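What follows draws every value from the coordinates through simple rules; no lab data is involved. Because the structure is a prediction, the values reported are computed rather than measured. As a convention, Cβ positions derive from the backbone with ideal geometry for all residues, glycine included, and neighbour counts pool all protein chains shown.
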Amino acid sequence: MKREIDPTFTRSLKTVEELDQFFNISLDLLCIANTDGYFCA
Amino acid sequence: MNPAWERILGYTREELMTKRFLDFVHPDDLDSTRKTIGTLASQHQVTFFENRYLCRDGTYRWLQWSAAPTGNLIYAAARNVTEHKLAEVALGERLRFEQLLSVLSARFVNISIDRMDAEIDRALKQILEFFKSRAMRVASDIA
């Protein structure tokens, strides 16, 4: 059985890849932390 | 956390993740940092905040933050402004010294010859005092 890939999914995957590139090359320090004082992954 | 963290502070990701971020903050910046976390925890954005972070080599970097909360998560971006800070301190010191010199030279205008030695002595003492207190100021600004 052939499974179709949802085009919306492909599009968001591409967005994630693009954001990832910017995230990696940024000169700024970027992070997500919680209010308990720890960095999140 | 993006690779800039490892590049600027010198720690591995794992080292940064296992400790509380307050563990890296300069003792003199702890109060203001806690206050800022409080602001974020009450769901207010913070567009400008500065504090010093401890690097792996034991020195500190000045970081300038912009952060926004979403629930109990904080999205934050910081830039390393250490060089700017050092330049600012150096410029301030330079200005202070220029001011001192102009005060000292004004004293020598129309000075009588019998006051000369005493005024030179006084001026040299003030210059010495300036450099002593500058060493202390700069040390506390950077450390």
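A simple rule links phi to the HN-Hα coupling: the Karplus curve 6.51 cos²θ - 1.76 cosθ + 1.60 with θ = phi - 60°, which for the stretch A:35-40 gives 6, 7, x, 10, 6, 9 Hz, with x for Gly and Pro. With θ taken as phi - 60° and the Karplus curve 6.51 cos²θ - 1.76 cosθ + 1.60 applied, the whole-hertz 3J(HN,Hα) list for the stretch B:105-117 is 5, 4, 5, 8, 6, 6, 6, 7, 4, 6, 8, 3, 4 Hz, x standing for glycine and proline. Round to the nearest 0.05 the FRET efficiency obtained for residue A:15 and residue B:28 when R0 = 41 Å and r is the Cβ-Cβ distance. Efficiency at R0 = 41 Å is approximately 0.50. Across chain B, the mean sequence separation of Cα contacts (distance under 8 Å, 6 or more residues apart), normalised by length, yields a relative contact order of 16 percent. Between residue B:131 and residue B:106, the simple spin-label model (points 7 angstrom out along Cα→Cβ) gives 2.4 nm. Mean residue ellipticity, 222 nm, helices only, chain A: the sum of -39500 (n - 2.57) across DSSP H runs of n ≥ 4, divided by residue count and rounded to 500, is -16000 deg cm²/dmol.
Where only DSSP H runs of four or more residues are counted, chain B gives -18000 deg cm²/dmol as its mean residue ellipticity at 222 nm, each run worth -39500 (n - 2.57). Compared with the dominant Cα axis of chain B, that is its longest principal axis, helix B:30-41 is turned about 40°. Subtracting the Cα-Cα distance of residue B:75 and residue B:13 from 0.36 nm times their residue separation leaves 20.6 nm of extension gain.
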